[in-house]
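What follows is a set of notes on a single structure, which appears directly below.
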Amino acid sequence: MSEKFQAVVIGGGPGGYVCAIRLSQLGLKTACIESRGSLGGTCLNIGCIPSKSLLNLSDEFHKVKSLSNKGIEVGEVKLNLPKMMKSKEKAVTVLTKGVEFLLKKNKVTYIKGTGSFKSKDEIAINDDKKNETIINAENIIIATGSVPVSLPNIEFDEKVIVSSTGALELEKVPKKMVVVGGGYIGLEMGSVWSRLGAEVHVVEFLDHITPGMDKEISNEFMKILKKQGINFHLEHKVEKVKKNKSGATVSTSDKNGKKKDFECDVVLISVGRKPNINGLNLESIGIELDENKRIKTNNSFKTNLDNIYAIGDVINGPMLAHKAEDEGIAVAENIAGQSGHVNYDTIPGVVYTTPEVASIGKTEEQLKEKSIEYKVGKFSFMANSRAKAIDDAEGFVKILADKKTDKVLGAHLIGPHAGELIAEIGIAMEFGASSEDIARTCHAHPTFSEAVKEAALSVDKRAIHS
Ligand code: FAD
Ligand code: NAD
């Protein structure tokens, strides 16, 4: 007899493991299947955590070199890349082991192996010794995440032609690196290697970077990155990447058909990710996909089959860890008979460069497109005393509020700690706050958060410090 669970989650990433914990908290006998041999998914193993570790370390390396300008004399600053990589790996191990502990603590059965559907309530699990076990589940949650996409006829070797996974593990600093795609991964990993000494060229198909982001922020972001030494080639299409003895030649053409070749030692292809559904045997049970080949679900995360659900990168919406986590909690609560819900209007997005870029709610472009009348409040970090005191004053806060009701509709920040500051606006938006609510809330002095308050004041043209 195969073991029977009330709920089985396939995938132990931020969507899957959080969902499994919540299901168990709600009293369901739950298992979580993970094929990687380590929990935490893309995020903890090859995504958010290792990239943030390298972003932080490379930023420290870069900043320490300029400390003498501020009266702190340091000796020669040298990079020890293997040691830096070890530090990154330590962060990953501590956190992935931490998730294993959390599953145990919450009485979730952790099953190592690759899961695939045998029927709509049976899952076959194959381990690395080729043993197959079948388990039975009343409810099944697919949380198998996503994998990087490449360009036609270009294959990752993870040494010269790399995805983010290879870019997190380079053994030496490339002299020249071409980054294809000016999105989240391209700009974060491009920043890391640029700070460590690589000449970085970003080749972007569109006429701007970070598509979907508020245009004013995106323009400012590119200006700042350019000042940091990153080169941008907008409206350029990559046609071919050919490996050679010293690296690769990246052949591009611009919007007028003008060709340009880039010689480099490493090329990072960061043009997006696709749902990871291979090997799940979805066809055999008739699970429907949407037009982007992501698993189709309704508002309750249910697929076209009654007892099968899907969450995270494998379904529609932004491919972000916190979105996957919130969906994991919501679906668990729905399965347990509660009313789980995710508010897609208040999911923040953060790019962890220096400065950070953070966004929530509607952009100006979206408001215009929907003909929603709005007011704009802006405040520069140049006028924020904390930012000036520590000489970290690039960027600004922008708040968009409804013209009639003053309700906050969106906020877009570029500047120090933008990724933390955005949480305040998230709470405000969840409570349906007006910009005046933020403006009348006392903010500690001197803090970066005063820039948020001043931007809120500026919505009604009454900022004090500008
Ligand atoms: P995943 O994290 O992809 O987890 C799915 C898991 O399922 C994987 O571990 C996989 O091994 C397992 N699996 C797949 N198939 C099977 C199977 N058949 N059987 C068993 N197990 C299976 N997001 C942020 O919010 N902030 C960031 O800073 C950030 N940085 C990122 C940096 C990089 C370089 C990358 C690549 C991504 C980053 N992301 C970030 C995105 C984030 O990692 C994903 O959105 C998030 O991990 C999605 O969670 P998930 O649970 O849906 O899937
Ligand atoms: P992305 O969607 O963020 O950016 C892809 C970029 O590549 C876009 O600017 C697009 O216009 C460009 N592009 C597409 N095809 C191209 C081509 N042929 N030539 C040149 N440019 C091309 O994708 P990504 O950077 O690969 O990241 C994947 C996902 O991972 C993102 O959706 C993001 O949600 C997630 N992620 C998040 C974070 C974070 O939250 N800080 C960090 C890394 C990754």
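So is residue 349 buried (at least 17 other Cβ atoms within 10 Å of the Cβ), in contact (Cβ under 8 Å) with a residue 40 or more places away in the chain and over 17 Å from residue 19 (Cα atoms) or not?
Details: buried (at least 17 other Cβ atoms within 10 Å of the Cβ): yes; in contact (Cβ under 8 Å) with a residue 40 or more places away in the chain: yes; over 17 Å from residue 19 (Cα atoms): yes.
Taking the combined requirement at face value, the residue satisfies it.
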Of all the residues that make up the stretch 411-466, how many are touching a Pro at 6+ places or on another chain (Cβ under 7 Å), part of a helix (DSSP H, G or I) and of a type in the set (Val, Ile, Thr)? 1
When you scan the stretch 261-271, do you find a residue that is surrounded by fewer than 16 Cβ atoms within 10 Å (Cβ to Cβ), closer than 27 Å to residue 162 by Cβ and in the same structural domain as residue 178 (by TED's automatic domain parsing), even just one? yes
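Assess whether residue 150 counts as being part of a loop (DSSP other than H, G, I, E, B) and small (Gly, Ala, Ser). I'd like the intermediate steps shown before the answer.
Details: part of a loop (DSSP other than H, G, I, E, B): yes; small (Gly, Ala, Ser): yes.
It is true that residue 150 is part of a loop (DSSP other than H, G, I, E, B) and small (Gly, Ala, Ser).
Quick one: would you say residue 304 is farther than 26 Å from residue 212 by Cβ and buried (at least 20 other Cβ atoms within 10 Å of the Cβ)? Break it down into steps so the answer makes sense when it comes.
Details: farther than 26 Å from residue 212 by Cβ: yes; buried (at least 20 other Cβ atoms within 10 Å of the Cβ): no.
No.
Just give me the residues in the stretch 51-64 being away from ligand 2 (no atom under 11 Å from the Cβ) and either of a type in the set (A, V, I, L, M, F, W, C) or in contact (Cβ under 8 Å) with a residue 24 or more places away in the chain (or both), in sequence order. Explain how you work it out, then say what you get.
In the first step, residues of the stretch 51-64 are kept if they are away from ligand 2 (no atom under 11 Å from the Cβ); the result is 53-54, 56-64.
Those that are away from ligand 2 (no atom under 11 Å from the Cβ) and either of a type in the set (A, V, I, L, M, F, W, C) or in contact (Cβ under 8 Å) with a residue 24 or more places away in the chain (or both): 53, 54, 57, 58, 59, 61, 62, 64.
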Please go through the stretch 436-448 and pick out each residue that is in contact (Cβ under 8 Å) with a residue 60 or more places away in the chain and surrounded by 19 or more Cβ atoms within 10 Å (Cβ to Cβ). 448
When you go through 24, 35 one by one, which is the residue that is more than 16 Å from ligand 2 (Cβ to nearest atom), within 23 Å of residue 275 (Cβ to Cβ) and surrounded by fewer than 24 Cβ atoms within 10 Å (Cβ to Cβ)? 35
Kindly indicate whether any position in the stretch 94-112 is within 17 Å of residue 280 (Cα to Cα) and touching a residue at least 24 places away in the same chain (Cβ under 8 Å). yes
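Answer with yes or no whether residue 117 is crowded, with 21+ Cβ neighbours inside 10 Å and among the aromatic types (Phe, Trp, Tyr). Talk me through it step by step, then tell me what you get.
Details: crowded, with 21+ Cβ neighbours inside 10 Å: yes; among the aromatic types (Phe, Trp, Tyr): yes.
Taking the combined requirement at face value, the residue satisfies it.
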Please specify each residue of the stretch 314-346 satisfying the condition of being more than 10 Å from ligand 2 (Cβ to nearest atom) and either of a type in the set (Ser, Thr, Tyr) or free of Cβ contacts under 8 Å to residues at least 60 places away in the same chain (or both). 315, 316, 326, 330, 334, 337, 339, 340, 341, 342, 344, 346
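With respect to residue 218, is the statement that it is among the polar types (S, T, N, Q), outside any strand (DSSP E or B) and within 11 Å of ligand 2 (Cβ to nearest atom) true? Outline the logic, then answer.
Working: among the polar types (S, T, N, Q): yes; outside any strand (DSSP E or B): yes; within 11 Å of ligand 2 (Cβ to nearest atom): yes.
Judged against the criteria, residue 218 is a match.
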Quick check on this structure: which one of 165, 144, 96, 133 is in contact with a helix residue (DSSP H, G or I) (Cβ under 8 Å, 6 or more places away or on another chain), outside any helix (DSSP H, G or I) and either within 15 Å of ligand 1 (Cβ to nearest atom) or of a type in the set (A, V, I, L, M) (or both)? 144
Show the residue pairs meeting these rules: Cβ distance below 8 Å; 6+ apart or different chains; first residue within the stretch 37-48 and in contact (Cβ under 8 Å) with a residue 60 or more places away in the chain and at negative phi; second residue more than 7 Å from ligand 1 (Cβ to nearest atom) and of a type in the set (Phe, Trp, Tyr). 39/17; 39/110
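Please find, among 455, 433, 451, the residue that is in contact with a helix residue (DSSP H, G or I) (Cβ under 6 Å, 6 or more places away or on another chain) and in contact (Cβ under 8 Å) with a residue 12 or more places away in the chain. Don't jump to the end; show me each part of the working.
Values: 455 fails: in contact with a helix residue (DSSP H, G or I) (Cβ under 6 Å, 6 or more places away or on another chain); 433 fails: in contact with a helix residue (DSSP H, G or I) (Cβ under 6 Å, 6 or more places away or on another chain).
Going through 455, 433, 451 in turn, the sole match is 451.
Every residue, every condition in (1) more than 19 Å from residue 127 (Cα to Cα); (2) part of a helix (DSSP H, G or I); (3) more than 11 Å from ligand 1 (Cβ to nearest atom); (4) not assigned by TED's automatic domain parsing to the domain that holds residue 124, yes or no:
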residue: 8; (1), (2), (3), (4): no, no, no, no
residue: 12; (1), (2), (3), (4): no, no, no, no
residue: 23; (1), (2), (3), (4): yes, yes, yes, no
residue: 33; (1), (2), (3), (4): no, no, no, no
residue: 36; (1), (2), (3), (4): no, no, no, no
residue: 39; (1), (2), (3), (4): no, no, no, no
residue: 43; (1), (2), (3), (4): yes, yes, no, no
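Do you know which residues across the stretch 123-170 are among the charged types (D, E, K, R) and under 16 Å from residue 310 (Cα atoms)? Lay out the reasoning, then the answer.
Kept after step one, since they are among the charged types (D, E, K, R), are these residues of the stretch 123-170: 127-130, 132, 138, 155, 157-159, 169.
Across the stretch 123-170, the qualifying residue is only 138.
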Of the conditions (1) within 23 Å of the chain's Cα centre (by Cα); (2) more than 30 Å from residue 92 (Cα to Cα), residue 242 fails just one. Which one is it? (1)
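Mind listing whichever residues of the stretch 12-36 are among the small types (Gly, Ala, Ser) and within 19 Å of residue 163 (Cβ to Cβ)?
Narrowing the stretch 12-36 to residues among the small types (Gly, Ala, Ser): 12-13, 15-16, 20, 24, 27, 31, 35.
Residues satisfying the conditions are 13, 35.
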Inspect all residues belonging to the stretch 182-193 and state whether any of them is assigned by TED's automatic domain parsing to the domain that holds residue 263 and in a loop (DSSP other than H, G, I, E, B). yes
Filter the stretch 209-227 down to the residues that are surrounded by fewer than 17 Cβ atoms within 10 Å (Cβ to Cβ) and either in the same structural domain as residue 369 (by TED's automatic domain parsing) or under 20 Å from residue 194 (Cα atoms) (or both) and list them by number. 219, 223, 226, 227
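The values are calculated or read from the model by the stated rules, or taken from the named source; none is laboratory data. The shown structure was predicted, so the numbers you read here are calculated from the model rather than taken from an experiment. We place every Cβ from the backbone using ideal geometry, glycine too, and count neighbours over all the protein chains shown.
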